[in-house]
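Here the structure is laid out as C-alpha cells; the discussion comes afterwards.
The values are calculated or read from the model by the stated rules, or taken from the named source; none is laboratory data. Remember, predicted model here, so these are calculated numbers, not experimental data. Virtual Cβ from ideal backbone geometry, glycine too; neighbours counted across all protein chains shown. Keep in mind that these areas ignore ligands, DNA and RNA; they rest on the heavy atoms of the full protein, side chains included. Shrake-Rupley method; radii C 1.70, N 1.55, O 1.52, S 1.80 Å.
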Amino acid sequence: MAYHRKLGLDRHSFERIRDNDFVEDDADGTPMQRLPDYHNRLERGTVLIEGTVVRGFPKVPRTLVLEEGISRYFDGEVVVEEKMDGYNVRLARIDGETYAFTRSGLVCPFTTHEARRMLEPEAFFDAHPDLMICVEMVGPENPYTAHDYDDVDSLAPRVFDVRDRESGEPLAVEERRDLVEAHGFPQVPLLGRHDLQEAPDGVDDAIRQLDAEGREGVVMKSVDGDRQLKYTTSAANQGDLAYAFSMPFDYGRDFMFRRLLREAFQAHERAEDGERFDDRAAAVGEAVLEPMRDAIATVDEGGVVGERHTVRAAPDVVEALLDHLRDQHVALEVERDEREGDDRVVTFLKRVQSTNDSIRAYLDGEAIRH
Ligand code: ATP
Ligand code: MG
C-alpha cells in the first residue's frame, strides 16, 4: 500500500508534506524519512521506512484543573496510569530488526541497543510484527532526561502504550497491560480505574501521593486507550522550573510561564490560602531564583553551565551515543570517562550557549536591553 494511504492522506497532500516537512535520514544505514517537528496533519516523529510507516506518538493534552477538565474530556470510565519522567521511544521491528525511534523520529543507537538488551522483544515482535511498543526510558543514568526513581539505579524501560505501528491506533488499556505483563516487560504503574464522577477525587488523591514522593504525575485514559489527558504534580512543575531557570537564556519564556500557570491553577483548585499557599509561593520562588543565582555563580567562578548527564553501557554503545549526539550538533564536554567492569561510564555536559554568554556579559557589566 502506498504511503499516503497508510497515513490517511490524499496523494497530493502527502507529497506536499513529504517534500516540505519530512527530512531524509537513516536507521543504522537503512534510508528513511522522518517528520521532526509538530505538524497539523501528522504526528511529530512519524517515520517512512522500507515501505512501512512508524507513526509518531500523539501529543497528550493537559488539563490545568481536575474537576472540570476530566468531566469535559471523558465520557465514561477513566483509567489512571502514572506518568513517568524520562524520554519517549517507540520500538518497532523493520525488516527483522528492532529500532528505537525518539520523539522526533531519530533512531538512537544507544537506546536501540539498550532496549533490545533489556526487553528482549523478539518473541513479542514474532507474535505482533505490526505493533509498536511505546516506552519511557527512565532513571538517573540517562542521556536525555535524568530523573531519580527509588527502584531504578541506571537506565530502565517502562512501557506505557502499545499501538498499531502504521495507524497509531492504541490497544485498550487493560488488554495492553496484560500483553505487556505476559511478555515480562516492566510497565508504568496502574493507579486506578474510576467512574467519571469519582475520577477527579481519585486522581487528586493519586496526585497528592505522587507529589509527596517527588514523582511527575498521571496520564488519564479512556478504557479503549484512545483519549489521553495529563496532569502533573507540583513537585514536577517546580522541578521543571528549577531546571529551566538553571539555563535561563536557553529555555523559552513560554516554557517557564506555562509551568507557573500550572502552579496557580492548582493552588486555586485546592482553594489554598494561609500557610499552605505561603509554602507553595516560597517553593516556586526558590525554584526560580536559586538555580539562576547558582548559574550566575558558576559562570562567575569560570565554570560552564549546561545539562549534565551520565551514561553507562558497553564501550562501543557509549561511543555510538556520543557520535550520535555530536551528529545532532550537541556541544559536549566529557567530564568523566571511566571503566567499571565491562561498562564504560561517561559523564558529559551539554553546553548551552546563550546562558553562558549572557551571564558572562552581564557579570562584566554589559547593560541589559530586554
Ligand atoms: P507532548 O506535549 O508532545 O506530549 P511533552 O514532552 O511535553 O510532549 P510530556 O509532558 O512528558 O510530553 O507528556 C507526554 C509524555 O509522557 C508521553 O509522550 C510519554 O513519553 C510520557 N509518559 C510517561 N508515562 C506515560 C503514561 N503512563 N502514559 C502516556 N504517556 C506517558
Ligand atoms: Mg516527559
**OP:** Being in contact with a strand residue (DSSP E or B) (Cβ under 7 Å, 6 or more places away or on another chain), within 16 Å of ligand 1 (Cβ to nearest atom) and of a type in the set (Asp, Glu) is the filter here, so list the residues in segment 123-155 that pass it.
**Re:** GLU136
Original post:
Residue check, ALA27 against (1) within 19 Å of HIS113 (Cα to Cα); (2) without any contact (Cβ under 8 Å) to a residue 60 or more places away in the chain; (3) more than 16 Å from ligand 2 (Cβ to nearest atom), all met but one. Which one?
Top reply: (2)
Original post:
Quick check: anything in segment 104-114 more than 16 Å from ligand 2 (Cβ to nearest atom), acidic (Asp, Glu) and in a loop (DSSP other than H, G, I, E, B)?
Top reply: no
**OP:** Return the pairs, sorted by first residue and then second, in which the second residue is in a helix (DSSP H, G or I) and not hydroxyl-bearing (Ser, Thr, Tyr), the first residue lies in segment 345-370 and is touching a residue at least 24 places away in the same chain (Cβ under 8 Å), the beta carbons are less than 6 Å apart, and the residues are 6+ apart or on different chains.
**Re:** VAL346/VAL318; ILE359/ILE296; ILE359/VAL299; ARG360/VAL299; LEU363/ASP300
**OP:** Please enumerate the residues belonging to segment 171-190 that are in contact with a Gly (Cβ under 7 Å, 6 or more places away or on another chain) and either outside any helix (DSSP H, G or I) or open to solvent by 20 Å² or more (accessible area, probe 1.4 Å) (or both).
**Re:** LEU171, ALA172
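Each row is one residue, and each column tells you yes or no for (1) in contact with a Pro (Cβ under 6 Å, 6 or more places away or on another chain); (2) polar (S, T, N, Q); (3) away from ligand 1 (no atom under 16 Å from the Cβ); (4) open to solvent by 70 Å² or more (accessible area, probe 1.4 Å).
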site	(1), (2), (3), (4)
HIS194	no, no, no, no
SER222	no, yes, no, no
ALA236	no, no, no, no
TYR243	no, no, no, yes
**OP:** State the number of residues belonging to segment 229-266 that are under 17 Å from the mean Cα position of the chain (by Cα) and acidic (Asp, Glu).
**Re:** 1
Subject >> Filter result (more than 10 Å from ligand 1 (Cβ to nearest atom) and of a type outside the set (A, V, I, L, M)) within segment 207-220 >> reply: ARG208, GLN209, ASP211, GLU213, GLY214, ARG215
Original post:
Any idea which residue in segment 43-99 is nearest to PHE110 (Cα to Cα), counting only those that are more than 15 Å from ligand 1 (Cβ to nearest atom) and among the acidic types (Asp, Glu)?
Top reply: GLU97
Original post:
Which one is nearest to ligand 2 (Cβ to nearest atom) among residues in segment 37-60 that are touching a Leu at 6+ places or on another chain (Cβ under 9 Å) and open to solvent by 20 Å² or more (accessible area, probe 1.4 Å)?
Top reply: VAL60
Subject >> Qualifying residue in segment 156-166 (condition: more than 14 Å from the chain's Cα centre (by Cα) and within 12 Å of ligand 1 (Cβ to nearest atom)) >> reply: yes
Subject >> Per-region count, segment 79-100, residues crowded, with 19+ Cβ neighbours inside 10 Å and either out of contact with any strand residue (DSSP E or B) (no Cβ under 7 Å at 6 or more places or on another chain) or farther than 26 Å from ASP151 by Cβ (or both) >> reply: 4
Original post:
Regarding ASP75, is this residue open to solvent by 50 Å² or more (accessible area, probe 1.4 Å) and either at pLDDT 95 or above or part of a loop (DSSP other than H, G, I, E, B) (or both)?
Top reply: yes
**OP:** Tell me which of these ALA146 doesn't satisfy, since it passes every other one: (1) within 16 Å of ligand 2 (Cβ to nearest atom); (2) among the small types (Gly, Ala, Ser); (3) open to solvent by less than 40 Å² (accessible area, probe 1.4 Å).
**Re:** (3)
Original post:
Among the residues of segment 155-170, which ones are part of a loop (DSSP other than H, G, I, E, B), open to solvent by 30 Å² or more (accessible area, probe 1.4 Å) and not hydroxyl-bearing (Ser, Thr, Tyr)?
Top reply: GLU166, GLU169
Original post:
Does GLY184 meet the test of being free of Cβ contacts under 8 Å to residues at least 40 places away in the same chain and more than 11 Å from ligand 1 (Cβ to nearest atom)?
Top reply: yes
